[in-house]
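The values are calculated or read from the model by the stated rules, or taken from the named source; none is laboratory data. Computed from a prediction, not measured in an experiment: that's the story for all the values here. Methodologically, a virtual Cβ is constructed for each residue, glycine included, from the backbone with ideal geometry; neighbour enumeration extends over all protein chains shown.
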Amino acid sequence: MGKFFSDFKEFAMRGNVVDMAVGVVVGGAFGKIVSSLVADVIMPAVGLLTGGMNFADMKWVVKAAAVDAAGAEIPEVAIGYGAFIQSGLDFLIIALCIFLVIRMLMKLKKEEVKEEEAAAPAAPTAEELLTEIRDLLQKRD
């Protein structure tokens, strides 16, 4: 049993696993922010543009609600395609936001690499190396 726990500890403490866990937590929080953006900012604006239509309320009623002979209410059967549209829009906006963040990070990374390359001394060309070798050989003779 001790080997199991030591193997698990080694696995769990790897850098990639910890980085992935942080990514999942941050991604979940980011998803909540973007979902709020969609539900509270974008969808009301879309509803205003579409004449006050609320996508979450859009549905196709397959069977209307009814009351049976005993007086019990039978709920309606409906397909809520509006909620599906809302979820699809959430996904697209989340994907766009993640794309923009990753694109910004990659741009910063490229700038960092360019700065490192500019700071590093230029490597000698092949011709310069050959000239140095020739000069060293001439000094030996």
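Laid out as a table, the results:
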quantity	calculated
Any chance Ile85 is surrounded by 11 or more Cβ atoms within 10 Å (Cβ to Cβ), under 21 Å from Ile98 (Cβ atoms) and not charged (D, E, K, R)	yes
The lone exception for Pro75 - which of (1) modelled with pLDDT of 80 or more; (2) within 15 Å of Asp90 (Cβ to Cβ); (3) not charged (D, E, K, R) it fails	(2)
Any pair with Cβ under 6 angstrom, 6 or more apart, that starts in the stretch 95-108 at a residue that is loosely packed, with under 10 Cβ neighbours inside 10 Å and ends at one that is among the basic types (Lys, Arg)	none
Residues located in the stretch 112-127, provided they are loosely packed, with under 10 Cβ neighbours inside 10 Å and among the acidic types (Asp, Glu)	Glu116, Glu117, Glu127
Condition broken by Ala122, with the remaining ones in (1) modelled with pLDDT of 85 or more; (2) assigned to a loop (DSSP other than H, G, I, E, B); (3) of a type in the set (A, V, I, L, M, F, W, C) satisfied	(1)
Some residue of the stretch 35-58 being modelled with pLDDT of 80 or more, surrounded by 10 or more Cβ atoms within 10 Å (Cβ to Cβ) and touching a Phe, Trp or Tyr at 6+ places or on another chain (Cβ under 7 Å)	yes
